[in-house]
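The next block holds one structure in the form of structure tokens; read it before the comments.
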Amino acid sequence: MKMLKKFAAIGIGVSMLVSVAACGTTRSGTQEQSEAKTLDPSKTLVGISMPEQQLERWNKDGQNLKQLLEAQGYQVNLQYADGKTDLQTSQIQNMANQGAKIVIIASLDGQATGAAAELCKENGATVIAYDRMIMNTDAVDYYTSFDNEKIGEMQGKYIVDSLKLEQGATGPFNVELMSGSPDDNNAKYYFEGAWKYLGPYFKSGVLQSQSGKVPESVDRWQSIGIQSWDRQKAQSEMENRINSYYNTGVRLDAVLSPNDSIALGTVNAIEGAGLSYYPIITGQDAENANVQAIVQGKQSMSVFKDYKKLADAAVEIVNAVAQGQQAKTSTTQNNDTKDVPSQLVVPEVVDKANVKTLLVDSGYISAHDAGLE
Ligand code: BGC
């Protein structure tokens, strides 16, 4: 850590020298200095480390980023880690050893990726955390993501609105809660956001959970986590809860599902258990299969996170870095070591009412993929 700080200090010193030189002295001096501080894209390797390929979103994120960067002339090394933290670490280490100047990382486990990010920094790379923060290290230069707490708020609010709680409905309503993977830092924000809306109603007794799987406090969100956001694990969990508590005429009103893979697992569990109705089910990512489930009335909503906007934000950072500039960011996010300059994209709620205008008419997906024709 100390070494890294020293490295950063040397970096600042160098860039100060560069700007002083750029301001004047000899012509050749200026040229040399500006060559030193800018990167020629065709000689610049950008590493992209994505967590896995099971989810549609990471495939779209990875391919789109690669295409955008290659179109601008960069060399790109895109790797998927197959859901394996050790593999991701070694893939990132390889990028560092290959001399990548910029490394974009969507971590499987934000705590575990720190060491590999530090190696990148030691080798002179700029590190961009993508979608998920890299925790507890000063080796992360930028963070680009969606407003993750807002995503959870959208899910919680959707349940509150659908059950008309703010209009005074007293229930009590049965809600089953799940959170995302315990090793994914984002999952904490999703639950925190949702709990802002749901927590007060659980406290007042308007909302309740027959399974009793309600965290004692918001920071115990991992107690209801679905490891690796795995659809099958979510399905088994919900099958157990339905068979134990909701198969005797007790109505399950809503399920807080933090993303689309867990939402699909929930839909499968409901169908498998033979319930004659679908409760309110939330999601996130607007994956094709889930958009179809929304159109069919099986899933209530998803949170649309436009991968193109996220990639654009990352590419802007890459270009600024290559031009030797500080990238423009709108905020900072703390990673338990530093405030990381961050660019956050705004997510949007998608449900049956706006699926056509938001996703199809905008050209994001085809009417066929949305299940509309
Ligand atoms: C991402 C979600 C995704 C989930 C599972 C989260 O960190 O932000 O978009 O659904 O991981 O991959």
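Readers should treat all values here as calculations from the given coordinates under stated rules, not as data from a laboratory. Everything numeric in this text was worked out from a predicted model, so none of it was measured. Note that we place each Cβ from the backbone using ideal geometry, even for glycine, and neighbour counts take in every protein chain shown.
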Under 26 Å from the Cα of LYS213, which lysines turn up, not counting those fewer than eight places away in the same chain?
LYS150, LYS157, LYS164, LYS188, LYS196, LYS203, LYS233, LYS298
Sorted from largest down, give the three principal axis spans of the alpha carbons of the range 175-236, whole angstrom values.
32, 23, 15
Divide the volume of the convex hull of the Cα atoms of the range 264-373 by its number of residues and quote the answer in cubic angstrom per residue.
142
What value in Å³ per residue do you get for the convex hull of the alpha-carbon atoms in the range 54-114?
76
Report the net charge of residues surrounding VAL214, where surrounding means a beta-carbon distance below 13 angstrom and charges are Lys +1, Arg +1, Asp -1, Glu -1.
+2
Rounded to whole angstroms and listed largest first, the alpha-carbon spread of the range 82-138 along its three principal axes comes to 24, 22, 16
Across every pair of different alpha-carbon atoms, what Kirkwood hydrodynamic radius in Å does the range 145-276 reach?
14.7
Using only helices, what value at 222 nm comes out for the chain when you add -39,500 (n - 2.57) per DSSP H run of length 4 or more and divide by the total residues, to the nearest 500 deg cm²/dmol?
-13000 deg cm²/dmol
Calculated SAXS-style log₁₀ I(q)/I(0) at q = 0.13, 0.14, 0.19 Å⁻¹ - the range 90-221, Debye, Cα scatterers:
-0.63, -0.68, -0.95
Antiparallel as a % of all DSSP beta bridges within the chain, to the nearest 5?
20
Amide H partners (placed H, <5 Å) of PHE146, local residues excluded:
VAL345
Please give the helix 307-322 orientation as an angle from the longest Cα principal axis of the chain, in degrees from 0 to 90, rounded to the nearest 10.
20
Among the aspartates and glutamates, select those whose C-alpha is under 16 Å from the C-alpha of LYS352, and discard any that sit fewer than 8 residues away in the same chain.
ASP161, ASP260, ASP285, GLU287, ASP361, ASP369, GLU373
Computed over the Cα atoms of the range 249-311, what is the ratio Rg over Rh, Rh following Kirkwood?
1.03
Size of the range 203-315 as Cα extents on the principal axes (Å, biggest first):
52, 35, 26
Reciprocal mean inverse distance between Cα atoms of the chain - Kirkwood radius, Å:
22.0
